[in-house]
Structures are given as C-alpha cells and as structure tokens.
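**Student:** Okay, handing you the structure first.
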C-alpha cells in the first residue's frame, strides 16, 4: 500500500510538473510574440473574417532610432488608412475629415495580442500550448488564452516558429463560436522597410487635434461587480452636443479586452432597455435609478448585463 501511495504521489507530482512546464512554455511563446511584434521591422498582409464579411488589410512597421512608424491600409472599398508616427496617430476615413490625435497605439483591426503583459495576463487567463500547425506556409506553435472565470472571450493564436510573429488569431466566445478570425496571407521581416517608412515623417498629414481635458477625478456612481482584472483607465464627464445633459464615462481594461460605461440622467430619448451584439462588440443599455446606463465593449452580453445591473448611485446624486 505504501508503495502504491508513493508511486501515485510521484505520478501526480510528475503530471503537475509537466503541466507547469507546458504553461511556462506557452507563456514564453506569448512573451516572445509580444516582443517580436513591437521590435521587428515587418510587413504583413492578412484578412479579417467576420460573419458576412471579409476585410483584406496590410500592416507594416519599422523602428527608426527608437521612433515607431506604422501604417495600416484597407485594401478594398474607399481609401482608408491609419498612420502612426511615434506618439501621434492619423486616421484617414471616408466621410469625415482626416485627423491626428496623440496616442501610442492605433485603434484599428490589427492582429490581436500584439502588446500584452504576460505576467499580468496570467492572473486572469490560462495560457496553454495546444500543438503545432502551419499558417501562411510557415510552421507555427498554437496556444490558447482562456479566461479563468468564463466571463470574457478567449483567443487561439498561431505564432511563427522562426520570427515569433502572430500569423493567425481566432476570437472565441464561451460557446466555442469563432467571432473573428485574423489570417495572414503573406509576410516579410526586413530592415529595408526603415527608409521606406521614414518617408511617413515628411508626409502631409492632418494637424494634431487637441482633445478637451476632463478634470473629473471621480463619478457619482459605482460598479459593484465586474470580472476580476478589469481596472478603470480613464474617467470623463462632458455635456452632450446640443444639450445640457452631462454624460459621465469610465473605460475599463484587463490588458486584452476593453469596455466602457456611460451614465447620464434619464430623459425622453433614453434607451430604456436594449441589447445589440455585433461580432465581439456588445451594447447593453437600461435605466437604473432614473439614469440611462450603457455598457459597450468587447465582452459577452451576459457579462455586460451583469455589469449594468451592478451600477449603483450615491444617495445625493440619485435625488
């Protein structure tokens, strides 16, 4: 009996060690991917596949003496592109005047998981290597990034064994449905991009837009529940255009996904109760204590609804 217990203990210990090593290997792969996607000079053509749509794009970037230069071009339909020059990002979109804002990253359909803090990620996600495969003609390691609480989406990422760049990423909901799929068609890593991308510095792009600053440090409401790991990154308060109605908002992120909460006093135009889901994006609205509350972002509908119903107001504010 003692021999059996000793053998069982040894087997369990060996199994746990194997799992730990597998996790460390997956985390290391993700760490290398994040580093490669920021430091390498490369060009990548890929398609973004959603229900009923396929969007072809090309992304290229170069680092010139510490300055990050990047360009994302939409390859079909009207001319659309996003250009980053260091800490400024310019957007050229049909139907609106081009503009430039101060930012260190694009708000655009980039290949996911490009900039992640793996150590912070491990607090809320399990990172597991699930095998090897081929994408864009290259051998890849396949890893899964799965939430521990089931309250958010997950990713499957295909990482190039040679360059550590992400060549494919599938966004998966809790039912296993693929909501979005990014698939690389071709890519190249080359320092020849540096002089080409330096041409962006002399390009005639829109002047920097100065956004109004909000001095709001706190809001008159609280969120009593949300998935672990989401933290408030920005608080704003401003009147709606053409109205005296003031909207307070907060942005929350866990390093992978992001959502916002908007709160305003109820009026005749308030959205009483509405749920809209388009791909990864959910919009959940409702009336709470005579206030219109809207939760919108990259979270499942059930999570958005639970967050909305957890909003409470200070006694003075709700009078």
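**Student:** Across bins of 5 angstrom width beginning at 0, how are the C-alpha pair distances of the range 14-202 distributed, in whole percent?
**Tutor:** Using 5 Å bins, I get a P(r) of 1, 7, 14, 19, 19, 16, 12, 7, 3, 1, 0, 0, 0 for the range 14-202.
**Student:** Which three extents, in angstrom, do the Cα atoms of the range 221-313 have along their principal axes, listed largest first?
**Tutor:** The Cα atoms of the range 221-313 stretch 35, 24, 23 Å along their principal axes.
**Student:** If you don't mind, there's one more thing I want to ask. Say each of residue 35 and residue 47 gets a label point 7 Å from the Cα, pointing the same way as Cα to Cβ; how far apart are those two points in nm?
**Tutor:** Between residue 35 and residue 47, the simple spin-label model gives 3.4 nm.
**Student:** Rank by packing, highest mean first: peptides 106-112, 157-163, with packing defined as the count of other Cβ atoms within 10 Å averaged across residues.
**Tutor:** Those peptides, ordered most packed to least, come out 157-163, 106-112.
**Student:** Take the Cα coordinates of the range 27-131, assign each an equal point scatterer, and use the Debye formula without solvent to give log10 I(q)/I(0) at q = 0.10, 0.12, 0.24 Å⁻¹.
**Tutor:** -0.35, -0.50, -1.33
**Student:** Moving on. Sort the following peptides by mean Cβ neighbour count (other Cβ atoms within 10 Å, averaged over residues), highest first: 39-51, 195-207.
**Tutor:** My ranking of the peptides, most packed first, is 39-51, 195-207.
**Student:** For residue 220 and residue 162 in one chain, what is 0.36 nm times their gap in residues minus the Cα-Cα distance, to one decimal in nm?
**Tutor:** So the chain would gain 15.7 nm between residue 220 and residue 162.
**Student:** Past the 27 angstrom mark, what percentage of all C-alpha to C-alpha distances in the chain do you count?
**Tutor:** Counting pairs separated by more than 27 Å, the tail of P(r) holds 54 percent.
**Student:** So if we plug the beta-carbon distance of residue 246 and residue 64 into 1/(1 + (r/R0)^6) with R0 = 35 Å, what FRET efficiency do we get, rounded to 0.05?
**Tutor:** Approximately 0.20, to the nearest 0.05.
**Student:** What is the spin-label model distance, in nm, from residue 188 to residue 272 if the labels are put 7 Å beyond Cα along the C-beta direction?
**Tutor:** About 6.0 nm separates the two model spin labels.
**Student:** So if we plug the beta-carbon distance of residue 79 and residue 115 into 1/(1 + (r/R0)^6) with R0 = 41 Å, what FRET efficiency do we get, rounded to 0.05?
**Tutor:** So, using R0 = 41 Å, E works out to roughly 0.95.
**Student:** Same structure, new question: FRET efficiency for residue 314 and residue 149, Cβ-Cβ distance as r, R0 = 35 Å, nearest 0.05?
**Tutor:** Approximately 0.80, to the nearest 0.05.
**Student:** Still on this model: How many angstrom lie between the Cα centre of the range 129-182 and the Cα centre of the range 51-102?
**Tutor:** 24 Å
**Student:** Using only DSSP helix segments of four residues or longer, with each worth -39500 (n - 2.57), what per-residue ellipticity at 222 nm results for the chain after dividing by its residue count and rounding to 500?
**Tutor:** It comes out at -6000 deg cm²/dmol, rounded to the nearest 500.
**Student:** Right, something else. Relative contact order of the chain: what whole-number percent is it, with Cα pairs under 8 angstrom and at least 6 residues apart?
**Tutor:** It comes to 14 percent, rounded to a whole number.
**Student:** Pull up the DSSP beta bridges for the range 100-209 and report the antiparallel fraction as a percent, rounded to 5.
**Tutor:** In the range 100-209, DSSP labels about 95 percent of beta bridges as antiparallel.
Computed from the coordinates by the stated procedures, all read-outs in this text should not be read as laboratory data. Every value quoted in this text rests on a predicted model; they were computed, and no experiment measured them. FYI the Cβ positions are ideal-geometry reconstructions off the backbone, even for glycines, and counts take in every protein chain you see.
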